[in-house]
1. Name the strands (runs of 3 or more DSSP E) wholly inside segment 157-196 in which the number of residues that are under 29 Å from GLU388 (Cα atoms) and away from the ligand (no atom under 12 Å from the Cβ) is 1 or more.
2. Pick from GLY336, GLY414, GLY426, GLY373: which is farther than 29 Å from ILE224 by Cβ and modelled with pLDDT under 95?
3. Collect the residues in segment 83-102 that are surrounded by fewer than 24 Cβ atoms within 10 Å (Cβ to Cβ) and not in a helix (DSSP H, G or I), keeping them in residue-number order.
4. Hey, VAL202 hits all of (1) assigned by TED's automatic domain parsing to the domain that holds GLN345; (2) away from the ligand (no atom under 16 Å from the Cβ); (3) buried (at least 17 other Cβ atoms within 10 Å of the Cβ) but one; which does it fall short on?
5. I want to confirm something. Restricting to segment 205-222 and keeping residues that are in contact with a Leu (Cβ under 8 Å, 6 or more places away or on another chain) and assigned to a helix (DSSP H, G or I), which single residue is surrounded by the most Cβ atoms within 10 Å (Cβ to Cβ)?
6. Only one of GLY394, GLY373, GLY337, GLY312 is over 27 Å from GLU280 (Cα atoms), assigned to a helix (DSSP H, G or I) and either more than 16 Å from the ligand (Cβ to nearest atom) or touching a Pro at 6+ places or on another chain (Cβ under 8 Å) (or both); which?
7. With the structure loaded, tell me whether ILE438 is assigned to a helix (DSSP H, G or I) and away from the ligand (no atom under 13 Å from the Cβ) or whether it fails that test.
8. Given (1) in a strand (DSSP E or B); (2) more than 21 Å from PRO272 (Cβ to Cβ), where does ASN344 come up short, assuming only one miss?
Amino acid sequence: MTDSGSAEAGLRSNRRNGVILRPEQLDATPADPHPDAGARRRPDEPLADGALQRIVVVGGGAAGLELVTRLGDRLGRRRRASVILVESARTHLWKPLLHEVAAGSIDPGEYEVNYLAQAHWHGFGYRFGEMIGVDRSAKVIHLAATLDDEGREITPPRSVGYDTLVIAIGSITNDFGTQGVTEHAVPLETPAQAARFNRRLVNACIRAQTQDGPVRPGQLHVAIVGAGATGAELAAEVYRTTREVVGYGLDRIDPERDIRIVLIEAADRILPGLPERVSEAVRRLLDRMGIEVHTGAKVTEVTADGLRLADGSFIASELVVWAAGVKAPEVLRQFGGLEVNRVNQLVVEPTLQTTRDPDIFAIGDCAACPRQGEPTPVPPRAQAAHQEAAHMVGQIERRLRGDSSLPYSYRDFGSLVALGKHSTVGNLMGLFGRGFFIEGLFAGVMYRSLRTLHERALHGTPRALLGLLVRALWRRTGPPVKLH
Ligand SMILES: Cc1cc2nc3c(=O)[nH]c(=O)nc-3n(C[C@H](O)[C@H](O)[C@H](O)COP(=O)(O)OP(=O)(O)OC[C@H]3O[C@@H](n4cnc5c(N)ncnc54)[C@H](O)[C@@H]3O)c2cc1C
């Protein structure tokens, strides 16, 4: 079945119009804002369906959802192009929030964006399904069938045709083939995995409270593999929320005695990708919390009760989170003969076009985009995804006008690490590319500004600010930690 982007019936109902979206309504084609467009079309204005360029974006994450939202507003609504998002999930949660979901500090429902509603409000189409391949000569991508929890088919296997294809499917955890990771460790790639870790954490506390015998060694230990920003931030959040949970009357647990948080890093210091001063400041804060840090420690195996290090030692821990390294999804390893690097990223030109096909672009974590004067590509970070999405909007508009593509250049604004309520630490890039160290309240405000930028790109400034206000109020009145 081929989907040209215009064949399926549009979904017109949404919550804004007072109609609740039904979960089974999983595909949407934007409502036609000019039903009589053909009769009153001016040059360069709305085109008939068949004449529309089909712009297909696969992956609605930090990069892809910002891109389709802006393209939908600028091109889709005005019928200057058909903009389609292909996405394997139904809702979007900005990934840098996942460690807070895992620790139970936030309720994901407050931050999630429903793709179907977003598509309707912003003039793009949404195709629910996982991309499993591409046929470059026919210019179609293939989607797998989708199934519900009972195994019943929701959407059949199908194809989506494109004129311009943008791949934005992000990254997944790289376990480097370490034994036992798939079976025993929880990765933090999706909201479901983060929620699963949170359930295991809360359940472990409740079990320890109600069991007959004393708390076993390792029963309330959390081992986090990978001390990059995600690992360090998760350790601090888990430290805080486990104490909050125990504070709700789980009096058989003594946090100082029973709860142990261990952070394990193969490099010789934590936050190896950030300046040493940031790494040292974060290390001091973690030490103050009593979080145990092992550097120069390579994990060779994860078991049901803990993990083994290369030196033969064993760390007992019934809860293991794997946050060490990323790679692009496996589907890109053999993707229509396009060039990929050793971590499956599509190799792109500075214009973000893949090296072997100028009609296929890649942005975000799944793209290996060269950096002028640097040996390594643009890093897999939310700020790069945000910048590339913004650049891509202009790129698509230039293509529609028949102008040539412009190169993208990554601008590093610095990196910040937020350790829950303890502090935020990082370096910001000043003038002439020189970094300066910041810590405390200002750093915390800067840290949150990246999320605000994302929310502004998705909802506009008034709604983004309203969201901030509502959540701030809720945090003052609701429980400080999610217990279910
Ligand atoms: C726990 C955690 C914390 C982080 N914290 C920070 C931080 O503080 N600062 C920072 O700069 N960066 C941070 N990052 C990295 C940042 O989240 C990523 O760089 C960013 O999300 C990349 O955006 P993306 O659009 O490329 O991919 P994603 O945001 O991952 O989106 C990819 C989308 O593609 C969809 N998808 C995947 N495969 C398919 C398929 N085959 N077919 C259809 N759809 C598909 C997925 O469902 C997803 O919606 C963090 C990452 C994690 C995991």
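1. Working: elements: 158-161, 164-167, 185-187.
Qualifying strands (runs of 3 or more DSSP E): 158-161, 164-167.
2. Numbers: GLY336 fails: modelled with pLDDT under 95; GLY414 fails: farther than 29 Å from ILE224 by Cβ; GLY426 fails: farther than 29 Å from ILE224 by Cβ.
Residue meeting the stated conditions: GLY373.
3. SER88, ALA89, ARG90, THR91, HIS92, LEU93, TRP94
4. Condition (1) is where VAL202 drops out.
5. So the residue we want is CYS205.
6. Details: GLY373 fails: assigned to a helix (DSSP H, G or I); GLY337 fails: assigned to a helix (DSSP H, G or I); GLY312 fails: assigned to a helix (DSSP H, G or I).
Residue meeting the stated conditions: GLY394.
7. On the way: assigned to a helix (DSSP H, G or I): no; away from the ligand (no atom under 13 Å from the Cβ): yes.
Considered against the rule, which asks whether it is assigned to a helix (DSSP H, G or I) and away from the ligand (no atom under 13 Å from the Cβ), ILE438 comes out as no.
8. (1)
The values are calculated or read from the model by the stated rules, or taken from the named source; none is laboratory data. Bear in mind that the values here come from a model prediction, so they are computed numbers and not experimental data. Virtual Cβ from ideal backbone geometry, glycine too; neighbours counted across all protein chains shown.
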